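Below is one structure, written out as structure tokens; the observations come after it.
Computed from the coordinates by the stated procedures, all read-outs in this text should not be read as laboratory data. All values derive from a computational prediction rather than experimental measurement. Here Cβ is always computed from backbone atoms with ideal geometry, including for glycine, and neighbour counts include all displayed protein chains.
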Amino acid sequence: MTHQLNDFDEDQIVFRDALERIVRETSPLAKVQKLDNEKGFDVALYRALAEFGATGLGVSEEEGGAGLTSVEQVITLEVLGRLATSMAVFFVIQFMTTRLLSHYGSDAQKKKWLEPLAKGEIKASFCLTEAGGGTDILSSMRTKATRTDDGWLISGSKMWISGASTSDLLIVLARTAPNHSRGVTMFLVPRATPGVSATELRTMAINGYDTNEVGFDDVRVPADAVLGTVDNGFMQVLSSLNHERLNAAAVAIGIGQGAFEAAVEYARERKAFGKPIGQFQALQQRLVEIGVNLQAASLLTFNAARRDALGEAIDIASSMAKFSASKAALAATDVGMEVMGGAGFDMDLPMQRYFRDARLYVFAPLTNDMILNVLGERWLELPRSF
């Protein structure tokens with residue numbers, strides 16, 4: 001592995017090395033690539049990571065989790081992004097759903113859902129975006145929840161929802177009042193509830209984790225299905241979305257680092273005109289440039305994670321990290337494909353997977369253009385542009 005600049009303490013280094021060993025032993029490269037080609041979820045790796053305690057990171061031991069902080073979550077996501085990207089994306093959703101339940105769940109909801117989720121006994125999915133809007137979800141949200149005598153009736157649909165076909169629990173945001181931002185509520189909806197459907201979509205990347213269209217056809221849930229406060233669900237989610245940007249940055253760095261390391265290794269071994277192609281000046285410079293950009297993005301990301309662990313606001317820091325990490329990952333995979341030439345097209349090798357998977361974080365969980373708008377307003381204190 002290339003030299004890393006992050007200043008981890010001894011416990012974090014032990015944690016990272018143990019995690020990486022589990023991933024490499026449970027799911028070596030050939031297996032990861034085979035599952036990606038087959039669009040299959042890595043059940044064995046998921047179980048190994050749950051046994052290690054990764055599914056409960058960020059959840060207190062009193063709530064059935066493994067404790068620790070955002071730093072360990074980011075370490076986990078970087079390792080998985082580098083070695084098993086689809087599982088990394090799964091864990092972005094895992095950490096979001098456990099965070100929401102930990103922050104806003106009642107004691108009964110935590111006992112029923114958070115504890116088994118943190119132990120890896122069940123899976124959850126987060127249902128926010130819809131076909132008519134992603135970045136502008138508040139303006140375009142059509143999924144509604146109407147009060148009934150004994151609970152709520154949910155109707156509508158969601159689009160591009162990760163894990164919905166294979167999850168036990170859906171956290172669903174639905175409009176419960178006409179107010180723009182204060183009229184949305186979070187609901188805990190068991191996947192098996194009558195009227196819930198999930199149709200897997202054919203996507204070009206993140207092949208080891210399902211992406212779905214989810215329908216709610218007059219789905220009845222009890223009054224205690226509300227997570228948090230009625231009409232305040234979107235505001236409650238905002239802090240988790242900032243955290244999701246941080247976690248997305250970590251995955252992007254992992255993807256970019258995986259592509260970078262594969263390209264450097266190939267450049268050392270591949271010969272042209274009697275010498276390793278890594279000896280050519282132009283190629284060396286391009287590899288060094290993407291490596292530097294990845295290091296810079298990594299420092300931004302772990303700085304944001306440490307600030308989050310201290311309870312500080314990270315809206316600006318996580319936005320910077322997500323933007324820089326996604327750009328660095330795109331550049332790394334582009335250069336990696338060019339360095340490897342025809343070998344980059346080999347579906348048994350990881351470069352084409354890194355190249356496809358990195359594209360996710362240009363627009364998720366927020367488009368890079370909107371990230372720049374957010375930074376213009378909140379960091380530079382310029383007039384709002386949207």
>> Sort 342-352, 301-311 by the packing proxy (mean of other Cβ within 10 Å over each peptide's residues), most packed first.
In response: 301-311, 342-352
>> Just to confirm my numbers, what's the Cα centroid distance between segment 219-243 and segment 314-331 in Å?
In response: 27
> Taking a temperature of 25 °C and a viscosity of 0.890 mPa s, what whole-number D in µm²/s does Stokes-Einstein yield for the chain with Rh from Kirkwood over alpha carbon pairs?
Replying inline: 115
> If R0 is 25 Å, what FRET efficiency do you get for residue 148 and residue 103 from their C-beta distance, rounded to 0.05?
Replying inline: 0.40
> Which residue fluctuates the most in the chain, going by a Gaussian network model with Cα springs under 10 Å, if the choices are 110, 275, 322?
Replying inline: 275
> Ranked highest first by average number of other Cβ atoms within 10 Å, how do 244-254, 188-198, 97-107 line up?
Replying inline: 244-254, 97-107, 188-198
>> Rounded to two decimals, what is the ratio between the C-alpha radius of gyration of segment 258-386 and 2.2 N^0.38 Å?
In response: 1.26
>> Just to check I understand the Karplus step: with θ = phi - 60° and J = 6.51 cos²θ - 1.76 cosθ + 1.60, what whole-Hz values come out for segment 23-32, glycine and proline as x?
In response: 5, 5, 6, 7, 9, x, 3, 4, 5, 4
> For segment 125-231, what is the charge dipole size about the Cα centre, in debye to the nearest 20, if Lys and Arg each add +1 at the Cβ and Asp and Glu each add -1 at the Cβ?
Replying inline: 220
> Taking the Cα centre of the chain as origin and charging only Cβ (+1 Lys, Arg; -1 Asp, Glu), how large is the dipole, in debye to the nearest 20?
Replying inline: 760
> Stretch residue 29-residue 179 to full length: gain in nm at 0.36 nm per residue minus the Cα-Cα span?
Replying inline: 49.1 nm
>> In whole Å, what are the extents of segment 162-297 along the principal axes defined by its C-alpha atoms, from largest to smallest?
In response: 72, 28, 20
>> So if I take the alpha carbon set of segment 123-181, get Rg, then get Rh from the Kirkwood formula, what is the Rg over Rh ratio?
In response: 0.99
> Relative to the longest principal axis of the chain, what angle (0 to 90°, nearest 10) does the C-alpha long axis of helix 315-340 take?
Replying inline: 40
> Where in segment 12-33 does the amide nitrogen come within less than 18 Å of the point 7 Å from the Cα of residue 44, taken along Cα to Cβ?
Replying inline: 19-33
> Taking Cα centroids, how far is segment 52-119 from segment 120-156 in Å?
Replying inline: 22
> Per the Kirkwood treatment, what hydrodynamic radius in Å, one decimal, follows for segment 226-273 from the mean inverse distance over all distinct Cα pairs?
Replying inline: 14.1
> Given a Förster radius of 51 Å and the C-beta distance between residue 367 and residue 271 as r, what FRET efficiency does 1/(1 + (r/R0)^6) yield to the nearest 0.05?
Replying inline: 0.75
>> Could you compute the net charge surrounding residue 209? Neighbours are other residues with a C-beta less than 12 Å from the C-beta of residue 209; K and R count +1, D and E count -1.
In response: -3
> If we restrict to alpha carbons, what Rg and Dmax does segment 10-123 come to, in Å?
Replying inline: 14.0, 43
>> Please compute the volume of the convex hull spanned by the alpha-carbon atoms of segment 125-231 and report it per residue in Å³.
In response: 94
>> Can you give me the angle between helix 233-269 and the longest principal axis of the chain, using Cα atoms only, in degrees from 0 to 90, rounded to the nearest 10?
In response: 20
> Can you give the angle from 0 to 90° between the axis of helix 85-104 and the longest principal axis of the chain, with both taken from C-alpha atoms, to the nearest 10?
Replying inline: 30
> Ordered by residue, what ³J(HN,Hα) values in Hz, to whole numbers, does segment 188-203 give under the Karplus form 6.51 cos²θ - 1.76 cosθ + 1.60, where θ = phi - 60° and Gly and Pro are x?
Replying inline: 9, 10, x, 4, 7, 4, x, x, 8, 9, 9, 10, 6, 9, 8, 10
>> Going by average Cβ density within 10 Å per residue, which order do the peptides 223-235, 81-93 take, highest to lowest?
In response: 81-93, 223-235
>> Rounded to the nearest 20 debye, what is the charge dipole size of segment 235-378 about its Cα centre when +1 sits on each Lys and Arg Cβ and -1 on each Asp and Glu Cβ?
In response: 240
